Amino acid sequence: MDRVVVVGAGISGLAAARALAAAGRSVLVLERARGVGGRCATRRIDGDQRVDFGVAFLHGREPEFLAALAEVPGAALPGWPSVILGGGRPCQPDAFAEGEQRLAFVDGVAAFPRHLARGLDVRTDARVTGLATSGDTIGLSIEGAMPLVARTVILALAVEQARDLIAGLGGRAPGLATASALLTMMASTPCLTLIAAYPEGVPGPAFHVSYPEDSRILQAISHDSSKRVSPAATVMVYQAHARWSREHLDPTIEGRFSESTDGWARALLAEAARLLGPWAGAPSSFQAHRWRYARTDRSAELGAPILLHLPGDGAPGPRLGLAGELFAPGGGVESAWMSGTRLARMILAEDRR
Ligand SMILES: Cc1cc2nc3c(=O)[nH]c(=O)nc-3n(C[C@H](O)[C@H](O)[C@H](O)COP(=O)(O)OP(=O)(O)OC[C@H]3O[C@@H](n4cnc5c(N)ncnc54)[C@H](O)[C@@H]3O)c2cc1C
């Protein structure tokens, strides 16, 4: 049976790859970053302290998704966040709806994608730069590496990233043209994020997460160190509102700490000081992160993943699958996982016929 190539090792790509591999299929995952997880992201700062700087906690209600979370090894913090301050709008209001379960991990949310990736063939530092159909396969160009071909390719990316790659395929297949048009109408919202570590002795907040109702700058404040066992420092993660992020996102500077980054980072700290007290404006160190595609706009979501057949030399032709948080209702990590799992099932069902 042909190998399936999955582009993107976020939750959706890993969920798809896991379900395919569990059914005995050969799968290769290509990920442009150094590690897996995408927006389900944890990094280490000041030595060894872990910080969640994308999604701060996981939540959902689908039994299958909750079962997948329950398999993650390591200490979980069920119910986190339980101490909430402020009546502002959460990043994902569904997270606090009745029946929704929430949890975090002491080792960071990235424990989940790391667990999903175990045993899979994942190639990191492998950015796919282009797709082209050739005969009954799709060719993938990879930055700094030999190209690959596969009959089935899954794009498990933010909508803008998927759209860019699909554009290279041209609009030959009617389904592809429709999918491209659909994706053009979807958008992700950005989120400027600041990780701030504080010197010993700061008062530190009593909440887990705050959603300030009177700030046009800060949407969410996560007391990240409250998730860690014996944290070396008080660490806060500040997430800016989408609109404010858009206004301050500099499209010309990618991933560099620049003067303009310094500007917005300091604005976030000043706002944190206004909301939490002077201590919050004076961290011992801070790191900025620009999430250009943080979340799917709630007005832009589809009910299911997409599986397209492209014209090839003969039937059935190469296949292109689309998964990601956009391709299941609700958005967020649960939707990403559901869409990847469902897409894998669609592929397996088709191959059984
Ligand atoms: C600040 C922030 C707060 C959030 N808050 C919440 C929340 O409260 N609740 C919630 O449920 N969700 C939240 N989310 C959203 C959640 O994290 C995402 O919905 C989910 O992780 C998306 O998973 P994905 O697999 O669809 O995409 P991604 O995680 O984006 O995975 C895509 C992967 O593809 C890789 N990639 C991109 N282009 C290429 C390429 N050309 N070649 C190879 N690899 C490529 C990327 O590096 C990435 O690893 C938040 C996200 C952020 C950033």
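The values are calculated or read from the model by the stated rules, or taken from the named source; none is laboratory data. What you see is a predicted model; the values in this text were computed from it and never measured. With ideal geometry, Cβ positions are generated from the backbone for all residues, glycine too; neighbour counts draw on all protein chains shown. We work out accessible area using only protein heavy atoms, side chains counted, and drop any ligands, DNA or RNA first. Shrake-Rupley method; radii C 1.70, N 1.55, O 1.52, S 1.80 Å.
Taking the Cβ of ALA23 as the center, what net charge do the other residues with Cβ under 14 Å away carry, scoring Lys and Arg +1 and Asp and Glu -1?
Combined, the nearby Lys, Arg, Asp and Glu give +3.
Per DSSP H run of n ≥ 4, the term is -39500 (n - 2.57); total these for the chain, divide by its residue number, and report the mean residue ellipticity at 222 nm rounded to 500 deg cm²/dmol.
-8000 deg cm²/dmol
Given the whole protein assembly as supplied and a 1.4 Å probe, what does the accessible area of ARG127 come to in Å², nearest 10?
Roll a 1.4 Å probe over it and ARG127 shows about 100 Å².
How many percent of Cα pairs in region 127-175 exceed 16 Å?
38 percent
Could you give the size of the charge dipole of region 149-287 about its Cα centre, using +1 on the Cβ of each K and R and -1 on the Cβ of each D and E, expressed in debye and rounded to the nearest 20?
Charge dipole of region 149-287: 440 debye, to the nearest 20.
Charges on Cβ only, +1 for Lys and Arg, -1 for Asp and Glu, centred on the Cα centroid of the chain; of VAL128, ALA220, PRO316, which one is farthest towards the dipole's positive end?
Of VAL128, ALA220, PRO316, it is PRO316.
For region 266-330, count the residues as N, evaluate 2.2 N^0.38 Å, and divide the Cα radius of gyration by that value, please.
It is 2.06.
Quick one: dipole size for the chain, taken about the Cα centre, charges +1 on Lys/Arg Cβ and -1 on Asp/Glu Cβ, in debye to the nearest 20.
Roughly 440 debye, rounded to the nearest 20.
In Å, what Rg and Dmax follow from the Cα atoms of region 5-77?
14.0, 42
Determine ³J(HN,Hα), in whole Hz, for all residues of region 108-120 in sequence, where each value follows from phi through the Karplus function 6.51 cos²θ - 1.76 cosθ + 1.60 and θ = phi - 60°; x replaces Gly and Pro.
x, 5, 5, 4, 5, x, 4, 5, 4, 7, 4, x, 8
If you place +1 on the Cβ of every Lys and Arg and -1 on the Cβ of every Asp and Glu, how big does the dipole about the Cα centre of region 1-89 come out, in debye to the nearest 20?
240 debye
Can you list the HN-Hα couplings for region 200-207, worked out from phi with the Karplus curve (6.51, -1.76, 1.60; θ = phi - 60°), rounded to whole Hz and with x for Gly and Pro?
The phi angles translate into 4, x, 5, x, x, x, 8, 9 Hz.
Show me, for region 321-332, the HN-Hα J-couplings you get by feeding each phi into the Karplus relation (A = 6.51, B = -1.76, C = 1.60, θ = phi - 60°), rounded to Hz, glycine and proline as x.
The phi angles translate into x, 10, 9, x, 4, 6, 9, 7, x, x, x, x Hz.
At q = 0.19 Å⁻¹, what is the base-10 log of I(q)/I(0) for region 1-41 according to the Debye formula with one equal point scatterer per Cα and no solvent? Please give it to two decimals.
At q = 0.19 Å⁻¹ the computed log10 ratios are -0.50.
Please compute, for the alpha-carbon atoms of region 44-134, the extent along each of the three principal axes and give them in descending order in Å.
Projected onto its principal axes, the Cα set of region 44-134 covers 52, 37, 28 Å.
So for the chain, averaging the separation of alpha carbon pairs under 8 Å that are six or more residues apart and normalising by length, what relative contact order in percent results?
Rounded, it is 23 percent for the chain.
Which value in Å is the Kirkwood Rh of the chain over different Cα pairs?
21.0 Å
For region 160-254, compute the orientation-averaged projected area of the C-alpha convex hull (one quarter of its surface), in nm².
Result: 9.7 nm².
Please work out, to two decimal places, the log10 of the ratio I(q)/I(0) at q = 0.21, 0.29 Å⁻¹ from a Debye calculation in which every Cα of region 183-233 carries one identical scatterer.
Once normalised to I(0) and log-transformed, intensities are -0.91, -1.27.
Just report the Cα centroid separation between region 124-181 and region 202-226, whole Å.
If you average the Cα positions of each part, the centres end up 40 Å apart.
Going by amide H atoms built from the backbone, whose H comes under 5 Å of the H on ALA220, apart from near neighbours?
When sequence neighbours closer than 5 places are left aside, the close amide H contacts are GLN239.
For a distance above 27 Å, tell me the whole-number percent of Cα pairs in region 11-167 that qualify.
That tail contains 33 percent of the Cα-Cα pairs.
Classify region 201-353 as rounded, prolate or oblate from the Cα gyration tensor: take a ≥ b ≥ c as the square roots of its eigenvalues, call it rounded if a/c is under 1.5, otherwise prolate when a/b beats b/c and oblate if not.
prolate
Of the accessible area of the chain, with the probe set at 1.4 angstrom, what percent is carbon plus sulfur?
The computed percentage sits at 52.
Tell me, what are the semi-axes, in whole angstrom and largest first, of the equivalent ellipsoid of region 157-206 as set by the roots of 5 times the Cα gyration tensor eigenvalues?
So the equivalent ellipsoid measures 44, 10, 6 Å along its semi-axes.
Pull out a ≥ b ≥ c, the square roots of the eigenvalues of the alpha-carbon gyration tensor of region 34-73, then state rounded if a/c is under 1.5, prolate if not and a/b is larger than b/c, and oblate in the remaining case.
prolate
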